[in-house]
């Protein structure tokens, strides 16, 4: 074969080898960024709303966990309309900046109490737009859910149009959720606000969201959730140890809210949205390809790992990762059976919560995600 022909053949072989790599690259799915801020009215009449949020948070998370690949989900929280809050701030409190820490979010929800008051719907939305560090990704889904039962236009400072324009300038969709019948006179403002924000209006029965269906799988799911905690390997400072303790505390809070809530939390903990690399070596190893366990200073290790050799530490963390994978699979498989059971019970009893807190959020999320090329399976 002539040299020129040999060179051509070699070039064709190289091109052929490169094509599958490019094809694989093209097939690689892009991880989506989703930022959600929830603004809850905490005036006297809103106990049902707060109870609904506590009961249904994990169901909402589990809906989002159906997205493939698992998105980068961050959630923030505001409460407003409470007489205990600072008058200068319009009786509004920022409870939590956008975070991936779902345990901290649940802790903040459980600390909410109602009192008062004067509800400035537009101001809490404006503050959420201004104060949060929203994703700079132009393809990110950025949403505010604001819930309440007083006229949305009562703020003397921030008008409906002003709040709507502020949100649109940030690429944020505001979904107003009115806690009462859609034909109430006070609901009119909420509908107008939704139209101005290009969001989705919903009216809910705030008490309805706390209805839960007990299943035969709930007890085992809670037990598996507790076993899952044993696979977490804390590292770092005292604050990280407190985060590990908070994990257990939020299991307890979920159990207080009901067996079904604890079961839903177990499913969330087994999903790709429950990430604790900030304090857990297993998640850190899994989510950070550059992380080297052997480089962690001994002072930052838990007491158990301090007594190990470097090789033993690596082996131990890998063992915990394997146990976690197995437990998460058990939980997700069992949760599929639980979901099927709930669907059947809803069919029998007509328990579809079409005006419940979680249905309002999940419906809007599903529709608005499509606009960003994100599919949330049913």
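So for segment 347-370 (the condition being more than 19 Å from the chain's Cα centre (by Cα), in contact (Cβ under 8 Å) with a residue 12 or more places away in the chain and assigned to a helix (DSSP H, G or I)), does at least one residue qualify?
Residues of segment 347-370 more than 19 Å from the chain's Cα centre (by Cα): 347-355.
Those still in the list that are in contact (Cβ under 8 Å) with a residue 12 or more places away in the chain too: 351, 353, 355.
Still in the running and assigned to a helix (DSSP H, G or I): none.
No, segment 347-370 has no match at all.
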**OP:** Tell me which residues, restricted to segment 179-201, are modelled with pLDDT under 95 and touching a helix residue (DSSP H, G or I) at 6+ places or on another chain (Cβ under 6 Å).
**Re:** 179
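Looking at 116, 51, can you tell me which residue is touching a helix residue (DSSP H, G or I) at 6+ places or on another chain (Cβ under 7 Å), under 30 Å from residue 165 (Cβ atoms), at pLDDT below 95 and surrounded by fewer than 21 Cβ atoms within 10 Å (Cβ to Cβ)? Let's see the steps before the verdict.
Values: 51 fails: under 30 Å from residue 165 (Cβ atoms).
Answer to the selection: 116.
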Original post:
In segment 161-190, what residues are in contact with a strand residue (DSSP E or B) (Cβ under 8 Å, 6 or more places away or on another chain), under 20 Å from residue 36 (Cα atoms) and outside any loop (DSSP other than H, G, I, E, B)?
Top reply: 163, 164, 167, 173, 174, 175, 176, 177, 178, 179, 190
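Rundown of residues vs (1) assigned to a strand (DSSP E or B); (2) over 15 Å from residue 41 (Cα atoms), yes/no style:
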{"site": "56", "(1), (2)": "no, yes"}
{"site": "60", "(1), (2)": "no, yes"}
{"site": "63", "(1), (2)": "no, yes"}
{"site": "66", "(1), (2)": "no, yes"}
{"site": "74", "(1), (2)": "yes, yes"}
{"site": "84", "(1), (2)": "no, no"}
{"site": "93", "(1), (2)": "yes, no"}
{"site": "97", "(1), (2)": "yes, yes"}
{"site": "103", "(1), (2)": "no, yes"}
Subject >> Residue check, residue 189 more than 18 Å from residue 53 (Cα to Cα) and over 24 Å from the mean Cα position of the chain (by Cα) >> reply: yes
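The values are calculated or read from the model by the stated rules, or taken from the named source; none is laboratory data. The model shown is predicted, which means the values in this text are computed figures rather than measured ones. Cβ atoms come from the backbone with ideal geometry, glycine included; neighbour counts cover every protein chain shown.
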